[in-house]
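K.L.:
Just dropping this structure here.
The values are calculated or read from the model by the stated rules, or taken from the named source; none is laboratory data. Only a predicted model underlies this, so the values are computations on that prediction, with no experimental measurement involved. Please note: Cβ atoms are built from the backbone with ideal geometry, for glycine as well, and neighbour counts cover all protein chains shown.
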């Protein structure tokens, strides 16, 4: 009897975990799958973001019949690209990840999914891709981003523009004359001659959109007289451009603090009339600039949209080597297909309606079957994508947004000559970029005269530029 009891107990000890495991598996099978998302400025502490996520879940279920739980994560404090990479490399990898630089470090580790097959089989995403999106994904298959070409268009405060004379600048000399007038006058009305022409955000990327073509810097890699490719920033064209920037800096036209200014600091200087112009993102962002600028001023200020400076050439260059920012999916995600379906859905008409109009009752209202935008709409922006050509129930762009997009399209005439840096050359390329960053600021600030430009190019090639240039001439056609 005792032996029988022992046998029963032993049998139960074996079977009970089996029953429990089976029940747990059944619960897991019936559970709503979770997709964890991390993105810059898309925090779970913002009630609007949580409402947006809830609306997406509901609309996604209605459209696809699939349940999903979307969980927003707090982005690490500090520099988003750097802190995000530290988080990912520590092993905390969400399903959907927004990158704004630094992604190659992660993709080189094999941590990001190849999105080409997903895009190819997509229901809405593929239709929304523009030619440059297609080429970028083919060249670098880890990030997708549906939006107008990532360019920056010149925009001038309307009140300063009127006081200067109201003539739209076109050439380099035109821009110089206007910006010189800005710093020599009291257009902000504070009784002091302390205005600044324009600023940038830690580098000269925004200024470069304005002036690069004018100085002959039309593509990342240029052919020299012998027909070989040279890096544009190590060319004589770059030397001439940096000499011009040095002049702007010396004369107080270029903000002395541009090297430490962040995007929010640049915007604040625009809104408070510390600077007369910005080179900013066309479309919705330009509308946001105008809304905040008018709110901080008299209420009738707007932005005058201008063309890029004309010189040797005139235009904007569209990079097709890769997406500079956008969404990726973790290669280790257990729900890669579902994560992609979310990105695909956000490119649909229903997804765009949610992402572009914001929260009903806050950013827009519905009355008598029509949609009207509220005053708070100016603070809303799409969290996932901005499909070009999307026709919504109401026009989401203001005058400045439309004009800046039209300007970008008109002058985005050159496809860049560039390539994705291979993994084995990444350290050399990083070293080259650090050399350029250091030397370019010393040139612009006047610490170095332009007679040292040859020393810079030697340092650039020595840092690894020779290897990258050799690769460029083997790769580019």
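K.L.:
Has region 53-64 got any residue that is more than 30 Å from residue 79 (Cα to Cα), at pLDDT below 95 and in a helix (DSSP H, G or I)?
P.N.:
no
K.L.:
Among the residues of region 394-411 satisfying the criterion of being crowded, with 18+ Cβ neighbours inside 10 Å and in a loop (DSSP other than H, G, I, E, B), which is modelled with the lowest pLDDT?
P.N.:
My answer is 398.
K.L.:
Tell me, yes or no, whether region 357-379 has at least one residue that is under 30 Å from residue 141 (Cα atoms), within 23 Å of the chain's Cα centre (by Cα) and at pLDDT 95 or above.
P.N.:
For region 357-379, residues under 30 Å from residue 141 (Cα atoms), within 23 Å of the chain's Cα centre (by Cα) and at pLDDT 95 or above: present.
K.L.:
Looking only at region 241-266, count how many residues are buried (at least 19 other Cβ atoms within 10 Å of the Cβ) and free of Cβ contacts under 8 Å to residues at least 40 places away in the same chain.
P.N.:
1
K.L.:
Tell me yes or no: at least one residue of region 446-468 is closer than 30 Å to residue 130 by Cα and in the same structural domain as residue 221 (by TED's automatic domain parsing).
P.N.:
First pass over region 446-468, keeping only residues closer than 30 Å to residue 130 by Cα: 468.
When the remaining residues are screened for being in the same structural domain as residue 221 (by TED's automatic domain parsing), the result is 468.
Yes, because at least one residue in region 446-468 is closer than 30 Å to residue 130 by Cα and in the same structural domain as residue 221 (by TED's automatic domain parsing).
Conditions (1) in contact with a strand residue (DSSP E or B) (Cβ under 7 Å, 6 or more places away or on another chain); (2) surrounded by 15 or more Cβ atoms within 10 Å (Cβ to Cβ); (3) in the same structural domain as residue 348 (by TED's automatic domain parsing), marked per residue:
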{"position": "40", "(1), (2), (3)": "yes, no, yes"}
{"position": "47", "(1), (2), (3)": "no, no, yes"}
{"position": "53", "(1), (2), (3)": "yes, yes, yes"}
{"position": "60", "(1), (2), (3)": "no, yes, yes"}
{"position": "67", "(1), (2), (3)": "no, no, yes"}
{"position": "70", "(1), (2), (3)": "yes, yes, yes"}
{"position": "77", "(1), (2), (3)": "no, no, yes"}
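K.L.:
Continuing with this model, one more query. If the requirement is being under 19 Å from residue 283 (Cβ atoms), without any contact (Cβ under 8 Å) to a residue 12 or more places away in the chain and either surrounded by 17 or more Cβ atoms within 10 Å (Cβ to Cβ) or not assigned by TED's automatic domain parsing to the domain that holds residue 427 (or both), which of these qualifies: 131, 148?
P.N.:
Step by step, each of 131, 148 is checked, and only 131 is under 19 Å from residue 283 (Cβ atoms), without any contact (Cβ under 8 Å) to a residue 12 or more places away in the chain and either surrounded by 17 or more Cβ atoms within 10 Å (Cβ to Cβ) or not assigned by TED's automatic domain parsing to the domain that holds residue 427 (or both).
K.L.:
Filter region 262-285 down to the residues that are in a helix (DSSP H, G or I) and either at pLDDT 95 or above or over 13 Å from residue 155 (Cβ atoms) (or both) and list them by number.
P.N.:
Residues satisfying the conditions are 263, 264, 265, 266, 267, 268, 269, 270, 271, 284.
K.L.:
Shifting gears a bit: Out of the residues in region 82-126 meeting the condition of being out of contact with any helix residue (DSSP H, G or I) (no Cβ under 8 Å at 6 or more places or on another chain) and over 15 Å from residue 331 (Cβ atoms), tell me which one is surrounded by the most Cβ atoms within 10 Å (Cβ to Cβ).
P.N.:
My answer is 84.
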